[in-house]
Amino acid sequence: MQRNGSGVVFLNIFHGDIESFISSKKPNSDDKIRLATLSTGIILPDIFFELMRRDKDIVLFSSYDIYKEYGKRMSEISITEMYYELLDNPNIRKLKRLNARKLYTEIKKAQFESGYPFEIFDDNVNNAHPLKEIGRVKMSNLCTEILQYQQTSIVTDQNEPNEYGLDVSCNLGSIDIHEATKVQDFGQLVDTAMRLLTNVSTMTDIVNVPSVSKANKVMHSVGLGVMNLHGHLVQSGIRYGSEESIEFIDAFMEALNYYSLKASMEIAKEKNETFYRFEESDYASGVYFESYINKGEKELAPEVIKALGATPIITQNMWRQLKSDVLEHGLFHSYRLAIAPTGSISYIRSCTASISPVTERVEVRDYADSRTIYPMPFLTNDNEELYTEAYDVNPYELIDLYAAAQKHVDQGISMTLYVTDQWNTEQLAKAYIYAWTRGIKTVYYVRQRLLTIEECVACQI
């Protein structure tokens, strides 16, 4: 069994074609530009939000001129750092001026209509990138959780050898949070998961895509994620989006990060091998560990400690020792953590998807000529109120929860925003801007719930 492949294209908001690109997913757009099956995403540098805050125009640049002038593609430079230099450079054509606020409003309109484009907050991604000295992250995958350095291949003429760069293979797996909190040796669980994903990476050889094959061989990238957060919170008597839920995911993801690093260090020690250019990374310099070593240790709420179960609370001394071990032995994996949407596998596992809230307490799904009725895990008459549906969750609390998890994830988290048709573009823009200020790296779909006919009639009356 296999499913059809899907593709996504990301474009910087300062690119000359951005207006047509935004319109390409609208249901009523011209057939000549409409992308019926291809997904779209935009890359938003900090400078865009700064210009929008000041209600200024932005300038769209010629990406060809940037490559001709600097020898780098638009995706390979920091627009935030180079914006004013590009403005002052007479060799870079300025194709158009657009008001930043009006442009972002058009993006919000498109997201209401189609759910697209996805968004990547460029500087949030690259400022936190542990391999920033090696290169920039310039795009993501379809579900926006993969954020890795890629090296462009040089495809030459027929009689000359190609120079293959580095591209991404999604070697993903997810841990059931509820079951993980019951495992007595949490570190062993994570170590086993990391080794299984490592096997996938080292055994995969996609010969038809040499750049992916090469990256698997030298980068050893994996993406260990989690699922069943909402289910576990309900079972623990904690409301999704509450302060206790945020404390829980913060502590749980810190433990997952710690033990995934430890596993990667142990594998590097056993194999006597580190990932490509490890010595240039924030891991090798020790910079990555500083925020953990200098963190303030606070007492967790009793509900949080109970919900963590057997999951260890990671101390400053544990981080100090791990830093020392990594400096001595290195890491085998260039990337370790990424939280995917986990829609289908969550149903198979009787889990709630990813770290997102459920969209319905009881889902009805139709496939071809069959119907599946799926009540959420642990659902009872006594706890149904804790299963707040995604469209009723405070979006700012949802963002705060994702931000707490994102601190510990070296790649990204697939985050969907849930709105109703009572929202307007200003409300949606504010939620996105808040996500940017909280360090969120990417936003996946905007999902909109429409009013029912009955509700509409009631409103009219």
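Database remark: amide H of Val419 closer than 5 angstrom to the amide H of Arg447, Gln448, Arg449 (H placed geometrically; neighbours at sequence offset of 5 or more, or on other chains; Pro and chain starts carry no H). The simple Förster model, with R0 at 25 Å and r as the Cβ-Cβ distance, assigns Lys109 and Glu163 a FRET efficiency of 0.05. In a simple Cβ point-charge model (Lys, Arg +1; Asp, Glu -1; nothing else charged), the chain has a dipole of about 780 debye relative to its Cα centre. With θ taken as phi - 60° and the Karplus curve 6.51 cos²θ - 1.76 cosθ + 1.60 applied, the whole-hertz 3J(HN,Hα) list for region 267-280 is 5, 4, 5, 5, 8, 6, 8, 10, 5, 3, 6, 3, 5, 9 Hz, x standing for glycine and proline. Residues whose amide H comes within less than 5 Å of that of Leu11, counting only those at least five positions distant or on another chain, are Gly41, Ile42, Ile43 (H built at 1.01 Å from N in the peptide plane). Once you order the gyration tensor axes a ≥ b ≥ c over the Cα atoms, which shape class does region 157-415 get: rounded for a/c under 1.5, otherwise prolate or oblate by comparing a/b with b/c? The shape class here is oblate. For the chain, the relative contact order works out to 17 percent when only alpha carbon pairs closer than 8 Å and six or more residues apart are counted. Amide H to amide H, with H built 1.01 Å from N, Ile175 comes under 5 Å of Gly225, Val226, Met227, counting only residues 5 or more places away or on other chains. Segment Asp421..Glu270, full-extension length gain: 48.9 nm, with 0.36 nm per residue of separation and the alpha-carbon distance subtracted. Computing Kirkwood radius over Cα pairs in Å for the structure here picks out one of (1) 22.7; (2) 22.0; (3) 23.6, namely (3).
Placing dummy labels 7 Å off each Cα toward the beta-carbon, the span from Lys102 to Val218 is 4.7 nm. Based on the Cβ-Cβ distance of Lys32 and Tyr347, what FRET efficiency does E = 1/(1 + (r/R0)^6) give at R0 = 35 Å, to the nearest 0.05? Calculated transfer efficiency: 0.35. Protection proxy ranking of 16-29, 80-93, by the mean of other Cβ atoms within 10 Å over each peptide's residues and highest first, is 16-29, 80-93. Phi angles across region 194-200 convert, under the Karplus curve 6.51 cos²θ - 1.76 cosθ + 1.60 with θ = phi - 60°, into 3J(HN,Hα) values of 5, 6, 5, 5, 4, 4, 4 Hz, Gly and Pro given as x. In this structure, Tyr374 and Asn89 have a Cβ-Cβ separation that, at R0 = 60 Å, corresponds to a calculated FRET efficiency of about 0.60.
Determine the percent antiparallel among the DSSP beta bridges restricted to region 157-415, to the nearest 5. Bridges in region 157-415 are about 45 percent antiparallel. Counting Lys and Arg as +1 and Asp and Glu as -1 over every other residue whose Cβ lies under 12 Å from the Cβ of Thr442, the net charge comes to -2. Here the simple spin-label model places points 7 Å from the Cα toward Cβ, and for Glu76 and Glu290 these points are separated by 2.9 nm. Each residue of region 118-129 was assigned a 3J(HN,Hα) from its phi angle through the Karplus curve 6.51 cos²θ - 1.76 cosθ + 1.60 (θ = phi - 60°); the sequence is 5, 10, 10, 8, 3, 6, 4, 5, 7, 5, 9, 6 Hz, with glycine and proline shown as x.
Each reported figure results from applying straightforward, stated rules to the coordinates on display, with no laboratory input. Being a predicted model, the structure only gives us computed values, none of them experimental. FYI the Cβ positions are ideal-geometry reconstructions off the backbone, even for glycines, and counts take in every protein chain you see.
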